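Below is one structure, written out as structure tokens; the observations come after it.
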Amino acid sequence: MAAMRVRFWGVRGSATAPGAATARYGGHTACVEVRCGDRLVILDAGSGLRPLGLSLMAEADGRPIAADIFLTHCHLDHVWGLPYFRPAYLPGTRLRVWAGHLLPDWTLAGVIGRLLGEPLFPGGGALFRGDVAFLDFRCGEDVSPYPDVTVRTDALRHPGGGCGYRIEHGGAVLAYVTDTEHDGETLDPAVLRLAENADLMIYDCTYTEAEYPSHIGRGHSTWQHGVRLAAAAGAKKLALFHHEPARDDDALDAIAAEAAARRPGTFAAAEGLSLTLPE
């Protein structure tokens, strides 16, 4: 029996990419739903969080929900779905939002308060009628949102900081490693720890190796390096993620085919794609 279910709601990076040329893989930014039994964990709160929220409302027939959202970082493409997450406006909803990259200079409550405050968002977080908590930790710490769910964390290489996640539940392991930059062919020990023997590794593959030299310093990686990391870590499957917004479906098809030929079990993440772990 599957211990974990994973569904992609947003797979783009940096900016949304709507349109016919991106319809198959989707144009929403980062958001991944993870079901650990009856526990709901959400990875990042990009624009894909809005359709996820609507789906949860329909599933619960309009009743409040309980969920934990773990943010890799607070750049806009990873948080701008929060004001549009409909369950947060329901009395009785219990929502915990976590971040591990901000202390000691910032707090998550302060950062999200700026996003949800005037003049950027009318009414701001005061409109939330659910119990919404913003919780800080430090990358490298383990977090246990539930007794049967362990979230291991480590720092990633991204401007302003970032945090990668390893979710463990019922013998299943998911590694979520996005918005991280590699250093040449050196394999980041933090990423290897997060992805060790994972059933699924979701990795930032914004660029190709040909594109990468002109984007050094932007905090993103390549699908080729993702393949190297997954092989070294012993990850069973690799999901190419955080797709460059200008890359259309045909180009992603070509990348996915080449990556799968190089390492079987590799695929390009697409909105709506669901997996069960372990398979």
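The Cα center of the stretch 72-112 and the Cα center of the stretch 228-245 differ in position by 26 Å.
Across the stretch 85-155 the C-alpha pair distances fall into 5 Å bins from zero in the proportions 4, 15, 20, 22, 18, 14, 7, 1, 0 percent. Label separation (Ala23 vs Leu273): 2.0 nm, computed from points 7 Å beyond Cα along the C-beta direction. Sorting 113-119, 190-196 by average packing, meaning the other beta carbons within 10 Å per residue, from highest down gives 190-196, 113-119.
The sum of -39500 (n - 2.57) across all DSSP H runs of n ≥ 4, divided by the residue count of the chain, sets its helix-only mean residue ellipticity at 222 nm to -5500 deg cm²/dmol. Pairwise alpha-carbon distances in the chain exceed 34 Å for 13% of all pairs. With neighbours defined as other Cβ atoms within 10 Å of a residue's Cβ, the residues Glu211, Glu185 order from fewest to most as Glu185, Glu211.
Amide H contacts of Gly26: Glu271, each under 5 Å away and 5 or more positions distant or on a separate chain (H built 1.01 Å from N in the peptide plane; Pro and chain starts excluded).
Straightening the chain between Ala109 and Leu76 buys 10.4 nm, computed as 0.36 nm per residue apart minus the Cα-Cα spacing.
DSSP beta bridges confined to the stretch 181-279 are antiparallel in about 10 percent of cases.
By the Stokes-Einstein formula, at 1.306 mPa s and 10 °C, the stretch 139-279 with its Kirkwood radius over alpha-carbon pairs has D equal to 104 µm²/s.
Within the chain, antiparallel bridges make up roughly 50 percent of the DSSP beta bridges whose residues both belong there.
Rounded if a/c is under 1.5, else prolate if a/b is larger than b/c, else oblate: which is the stretch 84-215, with a ≥ b ≥ c the root eigenvalues of its Cα gyration tensor?
Because a/c hits 1.5 or more and a/b fails to exceed b/c, the stretch 84-215 counts as oblate.
Read the figures in this text as sums done on the coordinates, not as results from a lab. Here the structure is a predicted model, which means the values were calculated and not measured. Quick reminder, even Gly has a Cβ in these numbers, built from the backbone with ideal geometry, and neighbours come from all protein chains shown.
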